[in-house]
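Colleague: Dropping the structure in here first, questions after.
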Amino acid sequence: MQLRRVAVKGRKLFRAIILDMQKINILEKELYLASIDVKRNESLIPHTTMKVGGNADLFAVTHNIQQLETAVNSSLKLDVPFLVVGNGSNIIVSDSGYKGFVILNNTHDYKILRDSKSVEKNRCMDSRFKPLDNDYLSVSAFQYSDEGRDDVVICADSGLKINVLMTKLFKKGITGLEWFSGIPATVGGAIYMNIHGGCHYFGDIVEKTLLTYGVSKEVEHDYFRFGYDWSILHQTGEIVLQANLRLKKGDVQKAKKLANRWLIKKSQQPQRSAGCIFHNLTKAEQVHLNLPTPSIGYLIDNVLNLKGVRCGGAIISEKHAAFIENQNNASANDIIQLINLVKEKAKNQLGLNLKTEVKLIGNF
Ligand SMILES: Cc1cc2nc3c(=O)[nH]c(=O)nc-3n(C[C@H](O)[C@H](O)[C@H](O)COP(=O)(O)OP(=O)(O)OC[C@H]3O[C@@H](n4cnc5c(N)ncnc54)[C@H](O)[C@@H]3O)c2cc1C
């Protein structure tokens, strides 16, 4: 009886694997017909900033929004799991890789839609990162404002890297992205995570946006319900194709100066990482623990004393304890062990349930 049950289970598993392979074969053919180059068993290491992880069953680079739309919607139609990767700067891929289709978003066009008189939207989320008195934000080079200047709305493909777009726009006299200078994000990743630079949130500049998930639709700013490290896309799984961003006809020289300051500061952070691993603390947690800042790096360094702890080739960064760095051919497993160590210590010593900001891809 027992043997029979095992045999039936084995047969079901075998059939499921064959079905998955068939779906992937059909998807590969559909993509080929849509002129999208597809690869099998592509290593994901070069496509993430953490530089760890296994292979994707199927992999393609999309160069325009029609290709991105086709890749996403063909996967959905055939029920093949898919993942859209921008710059891969906020993901950790498991050593066993990703069972499905990875779509690398290399869409890269933008256009200036319209200039208009300034319409202050006053969208300023309460920042979870309030600087300490002697912090860098009180330095005058970090205090640039283009408030009151005329608006410019641009439409950007979601695969554009923020730094590339910022530089192109400076040449056209357009400012507004300088606060995010040095963050290795694409427009799509920046919207998904609502990135923050200084006390500025990317969501504050997002206007009408084109999304896809089976069908494509335009949505307005409020649809995203932007929060700290959060947008509605975490729930819906929709993919950003293009976004309108409300920027400024600002003082380019001043904005460039600010952008360079940020670039220098950000380049000192560990680049072979996935950014801040955990969310900063909430106001309530900070008050409860009587800490001078909600910064998670401060907590890991000064309270948990875990800065510099190693596992295999990974280390809790000595430059910035909120980051885990791949210093010496780390595996994803090395990184996960450090993440778990920080979580356990925070739970056992302080009763804190830390939440990871990075997205874990595949089986951990
Ligand atoms: C050195 C370093 C410094 C960093 N500094 C900062 C910082 O100052 N502030 C900050 O907020 N973050 C920072 N980060 C984190 C990271 O850059 C951001 O989270 C960024 O938004 C990730 O963008 P990405 O394009 O790399 O997304 P990916 O890492 O490729 O993907 C992240 C998630 O977004 C989803 N996604 C990507 N593109 C789309 C799309 N078009 N539509 C829908 N979903 C999509 C992916 O599916 C995935 O779930 C830093 C990271 C590093 C490595």
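Colleague: Return the long-range amide H neighbours of Leu247 (sequence gap of 5 or more, or a different chain), with a cut-off of under 5 Å between placed amide H atoms.
Modeller: Amide H neighbours of Leu247, under 5 Å, 5+ apart: Val152, Val153, Ile154.
Colleague: Based on Cβ point charges of +1 for Lys and Arg and -1 for Asp and Glu, what charge dipole magnitude is obtained for the chain about its Cα centre, in debye rounded to the nearest 20?
Modeller: 640 debye
Colleague: Using a Gaussian network model of the chain with C-alpha springs under 10 Å, which one of His234, His63, His196 is most mobile by mean-square fluctuation?
Modeller: Maximum among the listed residues: His234.
Colleague: Percentage of Cα-Cα pair distances in the chain greater than 26 Å, rounded to whole percent?
Modeller: It works out to 55 percent of all Cα pairs.
Colleague: Using the Karplus equation 6.51 cos²θ - 1.76 cosθ + 1.60 (θ = phi - 60°), what ³J(HN,Hα) coupling, rounded to whole Hz, does each residue of segment 286-294 give in order, writing x for Gly and Pro?
Modeller: 4, 5, 4, 8, 6, 9, x, 8, x
Colleague: Using mean Cβ contacts within 10 Å as the protection proxy, how do 28-40, 199-211 order, highest first?
Modeller: 199-211, 28-40
Colleague: Follow-up. Mean residue ellipticity at 222 nm from the helices of the chain, using -39,500 (n - 2.57) per DSSP H segment of n ≥ 4 over the full residue count, to the nearest 500 deg cm²/dmol?
Modeller: Result for the chain: -9500 deg cm²/dmol, rounded to the nearest 500.
Colleague: With unit charges on the beta carbons (Lys and Arg positive, Asp and Glu negative) and the dipole taken about the Cα centre of segment 2-105, which residue among Asn64, Ile18, Tyr98 sits farthest to the positive side?
Modeller: Going by the Cα projections, it comes out as Ile18.
Colleague: In a shell of Cβ-Cβ distance under 13 Å around Asn25, excluding Asn25 itself, what net charge do Lys and Arg (+1) and Asp and Glu (-1) give?
Modeller: Net charge around Asn25: -1.
Colleague: Once the Cβ-Cβ distance between Leu113 and Thr236 is put in as r, and R0 is 25 Å, what FRET efficiency do you end up with, to the nearest 0.05?
Modeller: 0.50
Colleague: Under a cut-off of 18 Å between alpha-carbon atoms, report the aspartates and glutamates in cross-link reach of Lys355, not counting same-chain residues fewer than 8 places apart.
Modeller: Asp229, Glu285, Asp301, Glu344
Colleague: Reachable lysines from Lys99, Cα under 24 Å, same-chain residues fewer than 8 places away excluded?
Modeller: Within the straight-line cut-off, Lys99 pairs with Lys9, Lys12, Lys23, Lys29, Lys39, Lys51, Lys77, Lys359.
Read-outs throughout are calculated quantities, based only on the coordinates presented, and are distinct from any laboratory measurement. Model, not experiment: these values are computed from the prediction. Because the Cβ atoms are built from the backbone with ideal geometry, glycine has one as well, and the counts that use them run over all protein chains shown.
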